[in-house]
1. Of all residues in the stretch 180-198 being among the basic types (Lys, Arg) and farther than 10 Å from Tyr44 by Cβ, which is surrounded by the fewest Cβ atoms within 10 Å (Cβ to Cβ)?
2. Give the residues of the stretch 64-96 that are touching a Leu at 6+ places or on another chain (Cβ under 6 Å) and at pLDDT below 90, sorted by residue number.
3. Which ones in the stretch 31-44 are crowded, with 21+ Cβ neighbours inside 10 Å, outside any helix (DSSP H, G or I) and touching a residue at least 40 places away in the same chain (Cβ under 8 Å)?
4. Could you say whether any residue in the stretch 85-94 is in contact (Cβ under 8 Å) with a residue 40 or more places away in the chain, under 30 Å from Gln303 (Cβ atoms) and either surrounded by fewer than 18 Cβ atoms within 10 Å (Cβ to Cβ) or in contact with a His (Cβ under 9 Å, 6 or more places away or on another chain) (or both)?
5. Somewhere in the stretch 225-232, is a residue outside the structural domain of Leu124 (by TED's automatic domain parsing), touching an Asp or Glu at 6+ places or on another chain (Cβ under 8 Å), of a type outside the set (Lys, Arg) and surrounded by fewer than 24 Cβ atoms within 10 Å (Cβ to Cβ)?
6. Return yes when Arg267 is within 17 Å of Leu230 (Cβ to Cβ), touching a residue at least 40 places away in the same chain (Cβ under 8 Å), among the charged types (D, E, K, R) and assigned by TED's automatic domain parsing to the domain that holds Leu344 and no when it is not.
7. In the set Leu53, Leu61, Leu57, Leu47, which member is touching a Pro at 6+ places or on another chain (Cβ under 8 Å), surrounded by 14 or more Cβ atoms within 10 Å (Cβ to Cβ) and at pLDDT 85 or above?
8. Residues in the stretch 258-301 that are among the hydroxyl-bearing types (Ser, Thr, Tyr) and farther than 21 Å from Asp232 by Cβ: how many?
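The values are calculated or read from the model by the stated rules, or taken from the named source; none is laboratory data. A quick note: this is a predicted structure, and the numbers were derived from the prediction, not measured. Here Cβ is always computed from backbone atoms with ideal geometry, including for glycine, and neighbour counts include all displayed protein chains.
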Amino acid sequence: MFAKQQAIIIETEAEPVSIHDLDQYRGVWIFAEQRSGRFPAVVYQLLGKGRELADNLGESLSAIVIGTDMQKEVEALPGYGADTVYYVDHPLCATFNEDIYINILVDLIRKYKPEIVLAGATSLGRSLIPGVATILETGLTADCTGLEIDPENRLLLQTRPAYGEQIMATIICPHRRPQMATVRSNVLKKPAFNPNARGEVVSLNIEVERIPRRTELVEHNSEGGESDYLADARIVVSGGRGLKEGKNFELLQRLAKLLGGAVGASRAAVDAEWIPYRHQVGQTGKIVNPRLYMAFGISGALQHVVGMESSDIIVAVNKDRHAPIFDIATYGIEGDLFEVIPALIKRLEGEN
């Protein structure tokens, strides 16, 4: 039977004495990254969780936006839970520059002293946040799938797969501030927009042009396409080792097209080079949160389950009745996928 094991990992130090005055740090911050003036879904998901964490602590929730010409988007953030939005508006911030963004975020954290800082585990977040944590000499937990507050000591409980992704570890940062974490997209729920919510937008005047920059953006090409579609798809049809060979993914592609969904895959299928990495669902691939997730020939290893367990409905098809995927499936079919998929295709084609 499949079960997630829990481990508690406590930050260890040579001397268990804080280098930070912890009482000076208050509030929860969300780094609201932007791409081409738009916020990705993970920003809204983090605002929902941030609101919950801030309420549990009895503190405020703030969002940090670094960009330009985003006033309308920024003013909407209180509707998703932010009490305050700190906005740095400068043409040099239109696209991500590591030196500029790190410098700004470090200075703001030193000035306002938030207790918790969260960001998306996106390519931007993974580049930015470790640099910030290193300069501030504080802990950082990457790729979290769960966040909670310990009511006894106000510590942020940061949960993520660990040790070869075989267990779920809960990590704490007891002696340093802020407590920092990045969170994978689609492991949290996006809150409903509240049009009556009120919040303050604080425009920050920062002389960005004075920040030393080691790199300049020459050109930006967005890959987009299937990778983005998979993360946002309402229906995902995934295949694993049970498909036996790469050409059999054509069956999944036909089924996904009929359902209006996207094709996903397990790590085993990607490692076997049956399908490109951009289709991989799991801790080291895309985290999806569709209305319907169909798993064909996927055993249900923890690495994969972390990437799709929040789906509304999970349908699993596997010949092994003891496959761990059945433990989380809404509906399980013990059967041959090479009989089930063609039958589904025939039925759907008959209805179209």
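1. Arg198
2. Thr95, Phe96
3. Hits for the stretch 31-44 are Phe31, Ala32, Glu33.
4. Checking the stretch 85-94: not a single residue is in contact (Cβ under 8 Å) with a residue 40 or more places away in the chain, under 30 Å from Gln303 (Cβ atoms) and either surrounded by fewer than 18 Cβ atoms within 10 Å (Cβ to Cβ) or in contact with a His (Cβ under 9 Å, 6 or more places away or on another chain) (or both).
5. No, the stretch 225-232 contains no residue that is outside the structural domain of Leu124 (by TED's automatic domain parsing), touching an Asp or Glu at 6+ places or on another chain (Cβ under 8 Å), of a type outside the set (Lys, Arg) and surrounded by fewer than 24 Cβ atoms within 10 Å (Cβ to Cβ).
6. When the stated conditions are applied, Arg267 does not pass them.
7. The unique qualifying residue is Leu47.
8. Total meeting the criteria: 1.
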